[in-house]
Amino acid sequence: MRRISIFGATGSIGESTFDLITRAGGPQAFHTVALSGGRNLARLAQMAVALRAEVAVTAHEDALGELQDRLAGTGVQAAAGATAIAEAADRPADWVMSAIVGAAGLVPGMRALAHGSTLALANKESLVTAGPLLMATARAHGATVLPVDSEHSAIFQSLMGEDSRAVERIILTASGGALRDWPLEALQNATVQDALAHPNWSMGPRITIDSASMFNKAMEVIEAKELFGVRPDQVEVIIHPESIIHSMVGFHDGGIIAHLGMPDMRHPIGFALNYPERAPLPVARLDFAKLGQMTFRAPDLIRYPALRLAHEVMVAGGLSGAAFNAAKEVALDQFIAGSLGFAQMSHLVEASLSALWAQFGPTDAIPTLEDVLAMDDLTRRTARGLAAKNS
Ligand code: NAD
Ligand code: MG
């Protein structure tokens, strides 16, 4: 029986993964090793019992007692804290879903790869902060990384059976997020509520706001470069408001292969769960006649400074991705808390990167995990310091 673990089981991707696993037979079809979650202990315990998991882990040490109470007599062990999550990732599993949000997803994913597990990677932050290290770890242990981000799953599927040397460009589609039709001047007044109204995709709150600012797409550009080993200038972004084409690959004979479907994350999650087979999935089918048309427009780099920053980060390389992600996480925290305006998020990220680039020169060496975590920490302190100075 295939052994699986889900990190970030109680989130949006985690729930969709749980849904597919349950439909496929749950404990009759899979042996569940570990599930992790945050403060939603009732749901974490419920999922762990339903799948008969070996262990359920909450990220919060102070929640251990309550989780133990909820799991008493069920046969599921309870654990808590970041170290316990990492240890849960050391338990042998064949397929591991990485669906924690933020840089906290890096360590469990790295541990799973070091054990040779197939990593279904939703946590794009892992590739933005430590792409070269993550991919090298996978290669060294014969582990497979399967992208779950819809764009990257689309690219992966478009590349199946193709010669990677024939790839000319990767074209990521972007919905444009909740604020894409707002006048530029109005963006600075956008509230959290405004940014959360995504037109097409139902996702966790942080990635939804990142979609409105295009920080999500900026991260995905870096993610694509790391996953598919292309140069920064080979990754393009096009705004496609309908989100029907999930992304495309252009080859050097001028042909383009695109991946299409209704926007539903259960497609890329299910693809990664069943790979290399294509199993039937419970997603809505695309009706072209109903759709009528698909539209496209170029992204405006003045409106979306995050895209320009992503390019600078890719060119600079080294620990720049770790700094970019950490500064973005701080900016997003402050926007959610109401202490930073929507348009100020990119200013804070840019100022943080400039401060760090002034201290660290470019490097060709692949950063270690310790380097990445230290840069994450330094950048968070730098960004918070800059934000405090400006407020
Ligand atoms: P979410 O906020 O809905 O869920 C996040 C999960 O991570 C929850 O289980 C939460 O308890 C856990 N978590 C949060 N902080 C944690 C921490 N510090 N330590 C341990 N666990 C923690 O997020 P989501 O939308 O499901 O996104 C998860 C990841 O997948 C993100 O990296 C996101 O960018 C990526 N992703 C999501 C979607 C989507 O449709 N939701 C699409 C593509 C990629
Ligand atoms: Mg995506």
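The values are calculated or read from the model by the stated rules, or taken from the named source; none is laboratory data. For clarity, every value in this text was computed on a predicted model and none was experimentally measured. Heads up, the Cβs are rebuilt from the backbone with ideal geometry, glycines too, and the neighbour counts pull from every protein chain shown. With ligands, DNA and RNA removed, areas are computed over all heavy atoms of the protein, side chains included. Shrake-Rupley method; radii C 1.70, N 1.55, O 1.52, S 1.80 Å.
Please state the relative contact order of the chain as a whole percent: Cα pairs under 8 Å, 6+ residues apart? Numbers along the way, then the final one.
Working: 724 pairs, mean separation 54.8, N = 391.
Worked out over the chain, it gives 14 percent.
Calculate the spin-label point distance for H60 paired with E277, positioning each point 7 Å from the Cα along the beta-carbon direction, and give it in nanometres.
It works out to 4.0 nm between the two label points.
Does the chain classify as rounded, prolate or oblate by the C-alpha gyration tensor (a ≥ b ≥ c root eigenvalues; a/c under 1.5 gives rounded; else a/b over b/c gives prolate, otherwise oblate)? Mind showing how you got there, number by number?
Details: a/c = 1.41, a/b = 1.17, b/c = 1.20.
Rounded is the answer for the chain, as its axis ratio a/c remains below 1.5.
With just the Cα atoms defining each centre, how far is region 299-322 from region 155-182? Give it in Å.
Measuring centre to centre over Cα atoms gives 17 Å.
Quick check for you: with a 1.4 Å probe and neighbouring chains kept, what is the accessible area per residue of the chain, in Å²? Show your work: numbers first, answer last.
Numbers: 16480 Å² over 391 residues.
In whole numbers, the chain has 42 Å² accessible per residue.
For Y304, Y275, give me the order by solvent-accessible area with a 1.4 Å probe, most accessible first, ignoring ligands, DNA and RNA. Working shown, then result.
On the way: Y304 5, Y275 80 Å².
Descending accessible area places them as Y275, Y304.
Give the relative contact order (percent, whole number) for region 140-254; include only Cα pairs under 8 Å separated by 6+ residues.
This gives 44 percent for region 140-254.
Can you show me the helix-derived [θ] at 222 nm for the chain, built from DSSP H runs with n ≥ 4 at -39,500 (n - 2.57) apiece and divided by the number of residues, rounded to the nearest 500.
Details: 16 runs with 182 residues, N = 391.
For the chain, the value works out to -14000 deg cm²/dmol.
How many percent of the accessible area of the chain is carbon or sulfur, using a 1.4 Å probe? Please list the in-between numbers first.
Numbers: 8770 of 16480 Å².
For the chain, the apolar C and S fraction of the accessible surface comes to 53 percent.
Given springs between every Cα pair under 10 Å in a Gaussian network model of the chain, which of A355, A122, A34 has the largest fluctuation?
A355
Hand me the tally of lysine pairs in the chain: alpha carbons under 24 angstrom apart, and the pair either on different chains or 8 or more positions apart.
Values: K124/K217; K124/K225; K124/K328; K217/K225; K217/K328; K225/K328; K328/K389.
Close lysine pairs found across the chain: 7.
Nearest 20 debye, what's the magnitude of the dipole of region 2-147 about its Cα centre given +1 on Lys and Arg Cβ and -1 on Asp and Glu Cβ? It would help to have the intermediate numbers written out before the result.
Working: 11 positive and 11 negative charges, 81 e Å.
In debye, rounded to 20, region 2-147 gives about 380.
So if R0 is 51 Å, what FRET efficiency would Q68 and M160 give, r being the distance between their Cβ atoms, rounded to the nearest 0.05?
Numbers: r = 45 Å, r/R0 = 0.88.
The calculated FRET efficiency here is 0.70.
Which residue fluctuates most in the GNM of the chain (Cα springs below 10 Å): S158, S98, S211?
S158
For the chain, which DSSP H helices look membrane-span-like by this rule: Cα extent along the axis of 18 Å or more and mean Kyte-Doolittle of at least 0.5? List each step's numbers first, then the result.
Working: long enough: 125-140 (21 Å, 0.78); 215-228 (20 Å, 0.13); 320-337 (25 Å, 0.54); 344-359 (23 Å, 0.37); 369-390 (32 Å, -0.37).
For the chain, where a helix must reach 18 Å along its axis and average at least 0.5, the hits are 125-140, 320-337.
Taking only Cα atoms and a 10 Å spring cutoff, compute GNM fluctuations for the chain and point out the largest among G317, G361, G177.
The residue that fluctuates most here is G361.
Positive end of the dipole of the chain, charges at C-beta (+1 Lys, Arg; -1 Asp, Glu), about the Cα centre: which of A42, G292, A387 has its Cα farthest in that direction?
With unit charges placed on the Cβ atoms, the residue in question is A42.
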